[in-house]
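To keep things clear, I will list the structure first and then write my remarks on it.
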Amino acid sequence: MIHKTTRSILSVLLAALLLVTSTPLTPAFAGDGGNVSLQSESDEGSFAGGTGTANDPYQIATAEELREFARLVNDGETDANAILTDDIDLNPDMKIDEDGKVTNGDELAQWTPIGNEDHRYTGTFDGNEKTISGLYIDNDANYQGLFGYLSIDGDNIGTVQNLSVSGTVSGGMFVGGVVGYNFSGTVTNCAFSGSVSGKTRVGGVVGYNSNGIVTNSYNTGEVSGNSYVGGVVGGNNSASASVTNCYNTGKVSGSKTVGGVVGNNSFSATVTNCYNTGEVSGPDSGSDSYVGGVVGLNSGSGTVKNCYNTGSVSGPDSVSGSYV
């Protein structure tokens, strides 16, 4: 027989068990009818503040937060807005020799660009006059830079502004220190220092600017590539494309279509109020190389005005005058 005391204890335990199993489990900060997305919880907890909207951008203060923002955009939240609240060094241990080359690349964290061909960035990223240093990219992929692909989606115009970037970027096609490919987006008040290299459409600030706006930006780093290479923008293409109030002081070199500010300016694109003081060089010989102090090749009703060059220019088809 079960003792009365024992029966009483079992009754209490059974009642407690029934109470626990019949009580629904809900998150402590339930919203949406008690359902909370684990992804949204993770996103909100990954930044210093903000919700990613235009009026309340994600606040980014660390390298980890910046990497999380890149992951967020590349996973599909392409219209997320962000603002830097502090300077960020992505690779504090980066070592660069006297020629500007990274000597310890195997020890560094490679950067995955914000935005790509499948998920094009359409939000606003405000650098808030801060600097992102230690950027390191070394591969043969396309759309390389701090931002890989900037674009437009309805009323959302991809914008990168008020930002300084330093580091080394090496890629294939559409390679820039700040933005690899700018399609109908805006890049304003941005600067790059370090080195940028690639195959084609390579620029110190923007690799390729199609229908986009690049304004009040400059490059002081070394830029090199095979074709369409520019100190600020590699290729500037279409009637809506413009490069305005920009300058370059870094060395620019390539094999074909090389310019101190813009490599190739075509299809009614404009280059206005820009200048170059850096050395610009192309191959010693060869046809159709086109090397210019401001623009390497201006074609298809492109416009270059109020621009000048004071840097040395060399190449088989080079022009070192005031405009191109």
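The values are calculated or read from the model by the stated rules, or taken from the named source; none is laboratory data. For clarity, every value in this text was computed on a predicted model and none was experimentally measured. Quick reminder, even Gly has a Cβ in these numbers, built from the backbone with ideal geometry, and neighbours come from all protein chains shown. Note: areas computed on protein heavy atoms with side chains; ligands, DNA, RNA excluded. Shrake-Rupley method; radii C 1.70, N 1.55, O 1.52, S 1.80 Å.
Just checking, which of Gly282, Gly302 is open to solvent by 10 Å² or more (accessible area, probe 1.4 Å), touching a residue at least 60 places away in the same chain (Cβ under 8 Å) and either in contact with an Asp or Glu (Cβ under 8 Å, 6 or more places away or on another chain) or more than 15 Å from Gly207 (Cβ to Cβ) (or both)? Before you say what the answer is, go through the steps one by one.
Working: Gly282 fails: touching a residue at least 60 places away in the same chain (Cβ under 8 Å).
It is Gly302.
Quick one: which residue in Thr112, Thr122, Thr78 is touching a Lys or Arg at 6+ places or on another chain (Cβ under 9 Å), at pLDDT 95 or above and within 20 Å of Thr188 (Cα to Cα)?
Thr78
Whether any residue in region 72-79 is within 16 Å of Gly148 (Cβ to Cβ), of a type in the set (Ser, Thr, Tyr) and surrounded by 18 or more Cβ atoms within 10 Å (Cβ to Cβ) is what I want to check.
yes
So which of Tyr247, Tyr181 ends up being under 17 Å from the mean Cα position of the chain (by Cα), open to solvent by 20 Å² or more (accessible area, probe 1.4 Å) and modelled with pLDDT of 95 or more?
After applying the criteria, what remains is Tyr181.
Name the single residue, out of those in region 306-324 being at pLDDT 90 or above and of a type in the set (Ser, Thr, Tyr), that is nearest to Ser285 (Cα to Cα).
Ser314
Which ones in region 85-129 are of a type in the set (Ser, Thr, Tyr), crowded, with 18+ Cβ neighbours inside 10 Å and either in contact with a helix residue (DSSP H, G or I) (Cβ under 7 Å, 6 or more places away or on another chain) or without any contact (Cβ under 8 Å) to a residue 12 or more places away in the chain (or both)?
The one that is of a type in the set (Ser, Thr, Tyr), crowded, with 18+ Cβ neighbours inside 10 Å and either in contact with a helix residue (DSSP H, G or I) (Cβ under 7 Å, 6 or more places away or on another chain) or without any contact (Cβ under 8 Å) to a residue 12 or more places away in the chain (or both): Tyr121.
Of all residues in region 130-151, how many are in contact (Cβ under 8 Å) with a residue 40 or more places away in the chain and either in contact with a helix residue (DSSP H, G or I) (Cβ under 8 Å, 6 or more places away or on another chain) or part of a strand (DSSP E or B) (or both)?
Total meeting the criteria: 9.
Quick check: is even one residue across region 140-147 over 23 Å from Val102 (Cβ atoms) and either modelled with pLDDT under 95 or buried (at least 18 other Cβ atoms within 10 Å of the Cβ) (or both)?
no
Do we find that Phe174 is modelled with pLDDT of 95 or more, open to solvent by 20 Å² or more (accessible area, probe 1.4 Å) and assigned to a strand (DSSP E or B) in this structure?
yes
Would you mind telling me which numbered condition in (1) surrounded by 10 or more Cβ atoms within 10 Å (Cβ to Cβ); (2) of a type in the set (Gly, Ala, Ser); (3) modelled with pLDDT of 50 or more Ala30 fails?
(3)
Please give the strands (runs of 3 or more DSSP E) falling wholly within region 187-240 in which 3 or more residues are open to solvent by less than 30 Å² (accessible area, probe 1.4 Å).
200-203, 206-210, 227-230, 233-237
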